[in-house]
Amino acid sequence: MAWSTTFLPGESRKERLKKAAHVCPSPAQLAWMEREFVAFLHYSPNTFTGRQWGNGTETLSDFCPDRQDPAQWVRVCREAGMRMVIPTLKHHDGFCQWRTETTDFQTANSPAPADLAEEISRACQTEGLDFGVYLSPWDMYQRGQGVWPNPEYQALYLRQLRELMTRYGKVGELWLDGACGDLPIWEPVASYDPEAWYDVMEQEQPDCVVRRYDPFAFADEAEWEALRRGEWELSWRGKAVRWVGNEDGVGREDEWSVQPVFHRVLGSDATLPDLGQESYYDDAVGAVWYPNEVNTHLLNQWFWNEETSYVRPLSDLINIFYHSIGNNGTLLLNVSPDRHGVIPEDQIIRLQEFRAFREGTFGTDLAEGAVVAADSCAAGTAAETVLQENGFWSPDCADWDADLHTASLELTLPEARSFDNLLIREDIRQGQRVAHWRASAFVDGAWQQIAEKKTIGYKTIVRFPAVTTDRVRIEILRSWDTPVISRVSLHKTYLPETQDLRPYRLMEIPALAEVPQDLRPGLRYTVYQGGMQSAAMAETSGRAVLDTAIIARPVIPEVCGAQNYTVVWEGYLKVPFAREALFRLGSADGAILWLNDQRVIDNDEPHDYTQKIATVKLSPGYYRFKLTYTSFRHPGQMELLFSNPASEFCPFDPHDLSHTAE
């Protein structure tokens, strides 16, 4: 067994699929998958400045919690059922949250001079959790110092990485964010050497997995061609974990841990609908074990913000659970300490509700006591082992043919029971093999299908309308080699009572004390060259100005073209009477709305088109208006609308928008 295999020219698809069936996780990857539920901790100067993306111009005095308690963060995560904590020890702003010898821009020089890496890692040891590290390669502070992205930055980054890999005990996961707003999406940074980063991790933390930096390559162009000719063997460290491709907590319908390598740069394939479909094997040079990590946030955004953040409903978290832990993946869920330096009560409440759902639903196995029969059992296996925590069942077939052979299990329960979830697992220590399966319940004298999927992997949970029966059948309809099933269980959904944590915060912004002079109709817009991964960077990017003019409403100017630009609209909004106004901002890449320099909606870097709503209590008068938007990876998609609570959303009235002469 190995975590990669190389295909030879001329091999048939069936031969390649059988090879792929024997690709399995490395010990580090297996331990990572068994954690299942991991915490992200986004906390930085952004928590205090109200930004989602810092730009490196923050000051040390910005970082000013008054009762910072990393032990509380870790305790909350442990009580939520999480098994590892990954703090953002350096986000894109470059602020380092440990005692580093590489920069003065660190917590040690702030009003809260703690080594957060030390305090969090120590709390993890106390609470029995694993410790991980998030270290952004992109560094806006060093950019401002003239170091990033020059060659000397690579040496600085290696020093930072080695500090974190050697000073704080065992590290379970290294998270390397691919964000880099200075370049088009997936374009490599010339001075980066990710392989050297992985070498440091391997040397200092051999049991650590890594969310690899994107973009990345399996081989250079010459090596790739040699692989395709069968002259070179595919090399894979067996330590990588794969980003799901979005930040919404949504996985693909079928998630494969074994991945065909059909393209030299696999990072560009992050959003394909099915990464393991069999047709990809025709052009693949090999296959690797590359399991799926679903990262998303408990709030509506990554960093806590008093005005714009709120806790997502339990229904969101339940759907995320089925797309991650229930879909052959690991869930990396972000929790966000507030400006006091503690995780606030609303997040704790929701995390406990989420734990109650999981324990109430999956704490009781309704298949317990069943008699299990199989159409055949390989030597050393037994059908009833699928009801136990150890062992596995395989059918008796010496030379399994994916196109000819099938297998089945039937569970006869002690009595009729009602359930709406089926959990099934493969013994992934022997690979991921099943490519099509079906489950049925015997109801009213006939077999009724309740589930059908391609993949199983480490764990798959399928939910369906509740059925009541005493017989359940599992059919393996296609498997690339002899299937190895380690667990089958049945469950009934438990939904705990939830607290209304209010889906938004009512902001109250007073009008300007003085009416601006020399007002003229329309907003002034400025178009900057090039898109950025964060709309917050719009005026600190140093990009060339392509156009500036007056426009009636905040819409994308025609001069912008299809994509890859940034726009800032500025002026004044007139509010004729007191109201609670609802603003709705939709964007595919990033957009932020300010009134009187107060951030009203932060819809920055959503990856896909997302709408966010804020309710603001406004008094009659004038407000400074500012909207920033970037088109980075998508063609221009931005829409800002408003309404009263009792009316429909609509565009702004041009009579209410104005600007002053320069």
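In the chain, if every C-alpha pair distance is counted and binned at 10 Å from zero, what percent goes to each bin?
All Cα pairs, binned at 10 Å, distribute as 3, 14, 23, 24, 19, 11, 5, 1, 0 percent.
In sequence order, what are the phi-derived ³J(HN,Hα) couplings for the stretch 242-248 according to the Karplus relation 6.51 cos²θ - 1.76 cosθ + 1.60 with θ = phi - 60°, rounded to whole Hz, with x for glycine and proline?
9, 5, 5, x, 7, 10, 9
Do you know the relative contact order of the stretch 323-477, to the nearest whole percent, from alpha carbon pairs under 8 angstrom that are 6+ apart? Each step should come with its number before you reach the end.
Working: 251 pairs, mean separation 38.3, N = 155.
With pairs under 8 Å counted, the relative contact order is 25 percent.
Using a 1.4 Å probe, what is the accessible area per residue for the stretch 104-156, in Å²?
Numbers: 1970 Å² over 53 residues.
Here the per-residue accessible area is 37 Å².
With the calculation restricted to Cα positions, what are the radius of gyration and Dmax of the stretch 196-262 in angstrom?
Taking only Cα atoms of the stretch 196-262, I get Rg and Dmax of 14.5, 41 Å.
Starting from the amide H of Tyr310, placed 1.01 Å from N in the peptide plane, find each other amide H under 5 Å away whose residue is 5 or more places distant or on another chain.
HN-HN under 5 Å from Tyr310: Asn300, Gln301.
Straight-line reach from Lys14: which aspartates and glutamates have Cα under 18 Å away, leaving out those fewer than 8 places along the same chain?
Partners found: Glu278, Asp282, Asp283, Asp399, Asp401, Asp403, Asp481.
Angle check, please: helix 151-166 long axis (alpha carbons) against the longest principal axis of the chain (alpha carbons), in degrees 0 to 90, nearest 10.
The angle comes out at about 60 degrees.
Summarise the accessible area of the chain (1.4 Å probe, protein heavy atoms) by the percent that is carbon and sulfur. Intermediate values should be presented prior to the final figure.
Working: 11840 of 25020 Å².
Answer for the chain is 47 percent, counting heavy atoms of protein chains only.
How about the stretch 396-468: which GluC sites (Glu not before Pro) there lie in a loop by DSSP and see at most 13 other Cβ atoms within 10 Å?
Values: sites: Glu410, Glu415, Glu426, Glu452; in loops: none.
Those that pass, being in a loop and sparsely packed, number zero.
Compute the distance from the alpha-carbon center of the stretch 193-226 to that of the stretch 26-55, in whole Å.
After rounding, the separation between the Cα centres reads 20 Å.
So what are the radius of gyration and Dmax for the Cα set of the stretch 333-470, in Å?
19.2, 63
If you plug each phi of the stretch 89-101 into the Karplus form 6.51 cos²θ - 1.76 cosθ + 1.60 with θ = phi - 60°, what whole-Hz ³J(HN,Hα) values come out, in order, with x for Gly and Pro?
6, 8, 8, 5, 6, x, 6, 9, 9, 9, 7, 9, 9
For the chain, find the longest principal axis of its Cα atoms and tell me its angle to the long axis of helix 70-79, 0 to 90°, nearest 10.
40 degrees
For a quick check of your reading of the filter: which trypsin sites (Lys or Arg not before Pro) in the stretch 437-527 sit in a DSSP loop and have no more than 15 other Cβ atoms within 10 Å? Show your work: numbers first, answer last.
Working: sites: Arg438, Lys453, Lys454, Lys459, Arg463, Arg471, Arg473, Arg478, Arg487, Lys492, Arg505, Arg524; in loops: Lys454, Lys459, Lys492, Arg505.
Counting only loop positions with at most 15 other Cβ atoms within 10 Å, the trypsin sites (Lys or Arg not before Pro) in the stretch 437-527 are Lys492, Arg505.
Quick one: give the max-minus-min coordinate of the C-alpha atoms of the stretch 226-294 along each principal axis, largest first, in Å.
The principal-axis extents, from largest down, are 41, 26, 17 Å.
Tell me, rounded to the nearest percent, the portion of alpha carbon pairs in the stretch 304-358 spaced more than 15 Å apart.
Values: 771 of 1485 pairs.
Across the stretch 304-358, Cα pairs with separations above 15 Å total 52 percent.
Please report the antiparallel percentage of DSSP beta bridges with both residues in the chain, rounded to the nearest 5. Don't skip to the end; give the middle numbers.
Values: 104 of 137 bridges.
Of all bridge pairs located within the chain, approximately 75 percent are antiparallel.
Under 5 Å between amide H atoms, partner at least 5 residues away or on a different chain: which partners does His436 have, H built in plane at 1.01 Å?
Leu477, Arg478
Give me, ordered by chain and number, the residues 5 or more places off Trp256 or on other chains with an amide H under 5 Å from its own placed amide H.
It is Leu275, Gly276, by chain and number.
Among the listed pairs Lys90/Lys459; Lys19/Lys239; Lys239/Lys459; Lys18/Lys454; Lys454/Lys612, give every one whose C-alpha distance is greater than 23 Å.
Details: Lys90/Lys459 33 Å; Lys19/Lys239 20 Å; Lys239/Lys459 20 Å; Lys18/Lys454 16 Å; Lys454/Lys612 35 Å.
Too far apart for the 23 Å limit: Lys90/Lys459; Lys454/Lys612.
D for the stretch 504-662, whole µm²/s, Stokes-Einstein with Kirkwood Rh over alpha-carbon pairs at 10 °C and 1.306 mPa s: what number?
101 µm²/s
Determine ³J(HN,Hα), in whole Hz, for all residues of the stretch 466-475 in sequence, where each value follows from phi through the Karplus function 6.51 cos²θ - 1.76 cosθ + 1.60 and θ = phi - 60°; x replaces Gly and Pro.
Each residue's phi maps through the Karplus curve to give 4, 10, 10, 6, 10, 9, 9, 10, 10, 10 Hz.
The values are calculated or read from the model by the stated rules, or taken from the named source; none is laboratory data. Computed from a predicted model, the values in this text were never measured in an experiment. Virtual Cβ from ideal backbone geometry, glycine too; neighbours counted across all protein chains shown. Remember, those area values only see protein heavy atoms, side chains included, never the ligands or the DNA or RNA. Shrake-Rupley method; radii C 1.70, N 1.55, O 1.52, S 1.80 Å.
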